[in-house]
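Down below is the structure, laid out as structure tokens.
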Amino acid sequence: MSTYVWRFWGVILSRKIVEGGEVGRYCRFLTISVISAMVWKMVLFPTGLLVQTPMAYRVFILLSAVFLYYISYRSMIASLTLSTAIFYMVLATDLF
């Protein structure tokens, strides 16, 4: 229940935040840093099925996703789709 209360207050208070302002930039940087930390945690300390994949595969796919993100004009959908396809191809062919 407390999660929904904080989400409600977040929606109400975020209406007053200017995206280009200091608070908006701070929120964006904070969000990016948290997401980056979560991604690196999944790569370095995996759980579930990712434990069975070698570290080289995980790092290769992460780097390819970042590369594809920048060459696809910062399209998150394109980079995730292509890096997922590359991940399955790498696993199927056992390249490393």
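The values are calculated or read from the model by the stated rules, or taken from the named source; none is laboratory data. Treat the numbers as computed from the prediction; the structure is a model and nothing was measured. Here Cβ is always computed from backbone atoms with ideal geometry, including for glycine, and neighbour counts include all displayed protein chains. Surface accessibility is based on the protein's heavy atoms, side chains included, excluding ligands, DNA and RNA. Shrake-Rupley method; radii C 1.70, N 1.55, O 1.52, S 1.80 Å.
When you have a sec, figure out the Kirkwood radius of the chain from all distinct Cα pair distances and drop it here in Å to one decimal?
16.0 Å
How large is ³J(HN,Hα), in whole Hz, for each residue of the range 59-68 in order, when computed from phi with the Karplus curve 6.51 cos²θ - 1.76 cosθ + 1.60 and θ = phi - 60°, using x for Gly and Pro?
Ordered by residue, 3J(HN,Hα) equals 5, 4, 5, 4, 5, 5, 5, 5, 4, 5 Hz.
Show the residues, 5+ positions off or on another chain, whose built amide H is closer than 5 Å to the amide H of T53.
For T53, whose amide H was placed from the backbone, there are no distant partners under 5 Å.
Of the heavy-atom accessible surface of the range 1-57 (probe 1.4 angstrom), what whole percent is carbon and sulfur?
Accessible surface attributable to carbon and sulfur in the range 1-57 totals 71 percent.
Please give the length that would be gained between T84 and V66 if that part of the chain were fully extended, namely 0.36 nm times their separation in residues minus their C-alpha to C-alpha distance (nm, one decimal).
5.3 nm
Testing the spin-label approximation: label points 7 Å from Cα along Cα→Cβ at F45 and R7. State their distance in nm.
In this crude label model, F45 to R7 measures out at 2.7 nm.
Specify which residue in the list Y73, L30, V18 is farthest towards the positive end of the charge dipole of the range 16-96, using unit charges on the beta carbon of Lys, Arg (+1) and Asp, Glu (-1), about the Cα centre.
The Cα lying farthest towards the positive end belongs to V18.
Given the peptides 45-51, 67-73, arrange them by the average over their residues of other C-beta atoms within 10 Å, most packed first.
67-73, 45-51
If you place +1 on the Cβ of every Lys and Arg and -1 on the Cβ of every Asp and Glu, how big does the dipole about the Cα centre of the chain come out, in debye to the nearest 20?
Using only the charged Cβ atoms, the result is roughly 340 debye.
What number comes out for accessible area per residue over the chain if the probe is 1.4 Å? Units Å², please.
For the chain, the solvent-accessible area averages 84 Å² per residue.
Based on the mean of other beta carbon atoms within 10 Å per residue, what is the order of 81-94, 17-30, most packed first?
81-94, 17-30
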